[in-house]
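Written out below as structure tokens is the structure these notes cover.
The values are calculated or read from the model by the stated rules, or taken from the named source; none is laboratory data. Note that the coordinates shown come from a computational prediction; the quantities given were computed from them, not determined experimentally. All Cβ positions, glycine included, derive from the backbone under ideal geometry; neighbour counts span all protein chains shown. Side chains included, ligands, DNA and RNA excluded: accessible areas come from the protein's heavy atoms. Shrake-Rupley method; radii C 1.70, N 1.55, O 1.52, S 1.80 Å.
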Amino acid sequence: DSPGGQPGEQRDGAAEEAPDTLLAQVPVIHEVLDALGIARLGAADHEADDVIGTLTRRADRPVLVVTGDRDLFQLVDDERGVRVLYPRRGVGDCDVVTEALIRERYGVPAARYTDLAVLRGDPSDGLPGVRGIGEKTAAQLLAEYGDLAGVRAAAEDPASRLTPARRRNLLAAADYLDVAPRVVGVVEDLPLPVLDPAPPTAPADPTALSALAERWGLGGSLRRLLAALAADPID
């Protein structure tokens, strides 16, 4: 995968800011990928998550998404063979995230992970969550009411079994709950062009790559990448 659009762009009107240090690196990453011959895709006004989500939905084969972003857990689908490889302490120590692992760890199915994140909050996405609702409570509410819309409907229904405090906090968070799902939700139907995702076994432009490596001091990381590209593919 590759950066989709520019970091800090909006997803359906919900903006996420990227650090200035990351923004400065994006053009260099693009140049290196082009010199290597690694395909990259982007979409105006959308993030890389949306590009990954669209490519995953299009795929007619098993998909392994490598990411440290838990938002993409919503793509996990055992029936279609979609899994996430989630680094815990670097790429050498990863969880293979399946629907069973999400249920075991978070108490919700993969399709409801976004709702859980919205209710619980997620500092990495700037989501404060709903006051008084942590991960376990969010999972309990989703188990009882089905999804975020069901939880909100219960908050508006005086006959529901919600405690007064929980009802009050959910109603007070109405504006946040209107917007937050668009921050963590992944678009899966972008009009992306078709491309060959097969990685190259050798750089497309060795001269340009060498110049980039010297200019930016890429050193060991680039050597490791070249070695991985030259290695036999792993099924």
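Values for this structure:
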read-out	value
Amide proton proximity set for Val97, modelled H, under 5 Å, gap of 5+	Val84, Leu85, Tyr86
Accessible area of the range 104-235 belonging to carbon and sulfur atoms, whole % at 1.4 Å probe	55
Surface per residue (accessible, 1.4 Å probe) for the chain, Å²	57
In order through the range 106-113: 3J(HN,Hα) via Karplus (6.51 cos²θ - 1.76 cosθ + 1.60), integer Hz, x for Gly, Pro	10, x, 9, x, 4, 5, 9, 4
Largest-first principal axis extents, alpha carbons of the chain, Å	70, 36, 34
FRET efficiency, 1/(1 + (r/R0)^6) with R0 41 Å, evaluated for Arg80 and Ala159 via beta carbons	0.55
Leu171/Arg89 FRET efficiency (R0 41 Å; Cβ-Cβ; nearest 0.05)	0.50
Relative contact order (%) - the chain, alpha-carbon pairs under 8 angstrom, separation at least six	22
Distance from the range 99-165 to the range 180-235 (C-alpha centre basis), Å	36
Residue-span extension gain [Ala149 to Ala208] - 0.36 nm each, minus C-alpha spacing	16.0 nm
Karplus 3J(HN,Hα) series, Hz, for the range 35-49 with 6.51 cos²θ - 1.76 cosθ + 1.60 (x for Gly, Pro)	5, 6, x, 8, 5, 9, 10, x, 9, 4, 6, 9, 9, 4, 3
